[in-house]
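The values are calculated or read from the model by the stated rules, or taken from the named source; none is laboratory data. Predicted, not measured: the structure shown is a model, and the values here were computed from it. For neighbour counting, all protein chains shown are included, and Cβ atoms are generated from backbone atoms with ideal geometry for every residue, glycine included. The protein model used for the area step is the full one, side chains on, heavy atoms only, and it has no ligands, DNA or RNA in it. Shrake-Rupley method; radii C 1.70, N 1.55, O 1.52, S 1.80 Å.
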Amino acid sequence: MLPLRVLKLQEAPLQELVFFLDYDGSLCPHLEVWEERIYDPDEIYDLVLRLKRAPVREIYWNTGRRVESLASVSEKLLEFSGYFIQGSVCWDAKTKVETLLGPAVHQEWVDLYERSLESWKGLKLEQKPSSLRIAPYQNGDMDQLKEYFDKVKHPILGDWQWHVGARGAELLSKKFDKGFAVRDGLRRTPGIPVAIGDDSLDAPAVREAIASGGYAILVGEHCGWATEIDHKASQLIYCNDVRQAKALLHSMVAPRP
């Protein structure tokens, strides 16, 4: 039996676990951090591959990135299936097919926000198939983003809402989030879920994993929202940073001394 006690998963055999892995901030330092340090995507690939071969029941990505964005880091990372853009896109690693699950962003909204950002030179707009993201340029000022949302009031109709986090804001469908990804993943692969995340956009995945009798690994200083989720103490595992989170996952598949 592998040392699951490190994760307080005494009653959860490794082969029953279904992992939902956030990338940025949980397994990889955020862009403004890792460009200043030595960062090796192959290290993450090797870690996820070791988990897969342990074997755990299944591993899914559960990230806000686009599929092609993760591929630009390393094509090898797409050897694992998963959910992208907050659960609104599904990637099947076996068939190499990317399926849009959520609604597309209305082009008039894209045009509206592009025009409104013309006078805000410190902010950038990123268009994804099923979301929009507004964020400061690298090492930019989050106060400017907050000021933007205070001053520019754009009504959004229907099942869409803005999520403003520690590093940016994203316009998303209310029907799709990382919690939806966990539910859909467990429908495809029943098991005990383990969600890993580092900010409020990961909260739906954590909530769903806990409600399903699973666990969550929380990374960094932006996880205060987790205290509002009804849970047992053994279901939440806190890590100070990415390096500690990766060491924790490595410990699960390390042979006993």
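Data for the structure
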quantity: In the stretch 126-155, the residues that are under 25 Å from G102 (Cα atoms) and open to solvent by less than 40 Å² (accessible area, probe 1.4 Å); calculated: K128, S130, S131, L132, I134, A135
quantity: Residue satisfying all of: in the stretch 229-257; small (G, A, S) and within 16 Å of P29 (Cβ to Cβ); least open to solvent (accessible area, probe 1.4 Å) among these; calculated: A245
quantity: Tally of residues being in contact with a helix residue (DSSP H, G or I) (Cβ under 9 Å, 6 or more places away or on another chain), at pLDDT 90 or above and not in a strand (DSSP E or B) across the stretch 127-144; calculated: 0
quantity: Residue list for the stretch 145-166, restricted to those being under 25 Å from D177 (Cα atoms) and in a helix (DSSP H, G or I); calculated: L145, K146, Y148, F149, D150
quantity: For I210: the one exception among (1) buried (at least 22 other Cβ atoms within 10 Å of the Cβ); (2) modelled with pLDDT of 95 or more; (3) part of a helix (DSSP H, G or I); calculated: (1)
quantity: Output for the stretch 41-95, where each listed residue is surrounded by fewer than 16 Cβ atoms within 10 Å (Cβ to Cβ) and over 16 Å from F19 (Cα atoms); calculated: D42, E43, E68, A71, S72, S74, E75, K76, K94, T95
quantity: A226, sole failed condition from (1) over 30 Å from K153 (Cα atoms); (2) open to solvent by less than 60 Å² (accessible area, probe 1.4 Å); (3) in a helix (DSSP H, G or I); (4) free of Cβ contacts under 8 Å to residues at least 24 places away in the same chain; calculated: (1)
